[in-house]
Amino acid sequence: MLENLIRNSILHNPAGCQILVSVDMQKSFCCFVVQDKGQGVSSKALKELNQENYLPAEPEAVGEEDHGLGLRIVKQIVRLHNGNIEFSQTTPHGLTVKIFLQNR
């Protein structure tokens, strides 16, 4: 899951960008954050990504190599673990992904 998010940041920012990864443990959940300071995504894409039942299209469906597949896998992994995922803009630009998984 984290590997896919980091790989996505690298693939979609060919000129390079700073990537920050952090983990915060709370009593009832663990929060993983992957934040990059790259080109980010459009407002439309953020809205779609934050819809609970939305999965990015598979590459074959949109005819673009590696587009969306990493995020599709991440969302599926989070769902399998009954977690939540949030996508947001990094200020001033980039993408932040927060994943919340319950502690067991």
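The values are calculated or read from the model by the stated rules, or taken from the named source; none is laboratory data. Fair warning: this is a prediction, and the values are worked out from it, not measured in the lab. Glycine also receives a Cβ, built like all others from the backbone with ideal geometry; neighbour counts cover every protein chain displayed. Each accessible area value is taken on the protein alone, full model and side chains, heavy atoms only, with ligands, DNA and RNA left out. Shrake-Rupley method; radii C 1.70, N 1.55, O 1.52, S 1.80 Å.
For this structure, a couple of remarks:
- Subset of region 67-91 [at pLDDT below 90 and either more than 22 Å from Gly38 (Cβ to Cβ) or of a type outside the set (A, V, I, L, M) (or both)]: His67, Gly68, Gly70, Arg72, Thr91
- Residues of region 7-22 that are farther than 9 Å from Asp36 by Cβ and in contact with a helix residue (DSSP H, G or I) (Cβ under 8 Å, 6 or more places away or on another chain): Arg7, Leu11, Val21.
- Sole exception among (1) in a loop (DSSP other than H, G, I, E, B); (2) open to solvent by less than 80 Å² (accessible area, probe 1.4 Å); (3) modelled with pLDDT of 90 or more; (4) not polar (S, T, N, Q) for Ala15, by number: (2)
- Within region 19-57, the residues that satisfy the criterion of being among the polar types (S, T, N, Q) and touching a residue at least 60 places away in the same chain (Cβ under 8 Å) are Gln26, Ser28, Gln35.
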